[in-house]
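These notes are about the structure you will find just below.
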Amino acid sequence: MIETSAGVIVAELFPSSAPRTVANFVSLANAGFFTGLVWHRIVRGFVIQTGDPLSKDGGGDRNRWGTGGSGQTIPLEVRAGLRNDAGCLGMARSQDPNSASSQFYINLADNEFLNGQYAVFGKVVSGLEVAMALGSLPVDPADRPAVPAQAMVRSITIRNSP
């Protein structure tokens, strides 16, 4: 469950298809890593992205948002059948396919061109309208939220069942 400043998003994770990615995400969530981070990249009709510790509480150098991570990386886990469709969660990364760390995104549309390049590790099962609302917030020219307080991750809670 992802509690945000705009409401709650509930996601189902895919541990059998992306075991290392899910284990990394769960470990970070259980450690409170995501609490207070900003959805630092908002591209209407494309994705919302969070997981950069440099955006903590909306502070720091906004020009560096999107460049931070947890300090550890995981290998790319691409599986047939896991697609970057609207509502699916994927791991962000740099040019290096094995550089995913803590940043993840929620697809706001079917983004077929991302398939095979980014690990999909879950899907929204309720609250897609919350993700869409976040995706409609005003942004600056670099796709950062104009008002960070409107685009916060309050917490991520992992539950074993719905």
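The values are calculated or read from the model by the stated rules, or taken from the named source; none is laboratory data. Everything numeric in this text was worked out from a predicted model, so none of it was measured. As a convention, Cβ positions derive from the backbone with ideal geometry for all residues, glycine included, and neighbour counts pool all protein chains shown.
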*What pairs come up if the first residue lies in segment 50-79 and is farther than 16 Å from Ala23 by Cβ, the second is of a type in the set (Asp, Glu) and modelled with pLDDT of 95 or more, and their beta carbons are under 6 Å apart, counting only those six or more places apart or on different chains?*
Trp65/Asp52; Gly66/Asp52; Gly68/Asp52
*Would you say Lys123 is under 14 Å from Val38 (Cβ atoms), outside any loop (DSSP other than H, G, I, E, B) and either among the polar types (S, T, N, Q) or at pLDDT 95 or above (or both)?*
no
*Right, Asn98: within 23 Å of Ala11 (Cα to Cα), among the polar types (S, T, N, Q) and surrounded by fewer than 21 Cβ atoms within 10 Å (Cβ to Cβ) or not?*
no
*Any residue at all in segment 48-70 that is aromatic (Phe, Trp, Tyr) and under 15 Å from Phe25 (Cβ atoms)?*
no
_Pair list, Cβ under 6 Å, 6 or more apart: segment 95-111 residue within 11 Å of Thr21 (Cα to Cα), other residue surrounded by 16 or more Cβ atoms within 10 Å (Cβ to Cβ) and among the basic types (Lys, Arg)_ = Ala100/Arg93
_Of all residues making up segment 37-63, the number that are part of a loop (DSSP other than H, G, I, E, B), under 21 Å from Ile156 (Cα atoms) and among the hydrophobic types (A, V, I, L, M, F, W, C)_ = 2
*How many of the residues making up segment 1-36 are polar (S, T, N, Q), assigned to a loop (DSSP other than H, G, I, E, B) and closer than 18 Å to Val153 by Cα?*
2
*Do we have Tyr105 as within 14 Å of the chain's Cα centre (by Cα) and assigned to a loop (DSSP other than H, G, I, E, B) here?*
no
*Filter result (within 13 Å of the chain's Cα centre (by Cα), surrounded by fewer than 18 Cβ atoms within 10 Å (Cβ to Cβ) and farther than 24 Å from Pro75 by Cα) within segment 7-34*: Val10
_What are the pairs with Cβ atoms under 9 angstrom where one residue, in segment 129-151, is more than 21 Å from Lys56 (Cβ to Cβ) and the other, located anywhere, is basic (Lys, Arg) and surrounded by fewer than 18 Cβ atoms within 10 Å (Cβ to Cβ)? Sequence gap at least six, or different chains._
Gly135/Arg44; Ser136/Arg44
*State the number of residues belonging to segment 64-102 that are more than 21 Å from Ile2 (Cβ to Cβ) and either in contact with a helix residue (DSSP H, G or I) (Cβ under 7 Å, 6 or more places away or on another chain) or outside any loop (DSSP other than H, G, I, E, B) (or both).*
3
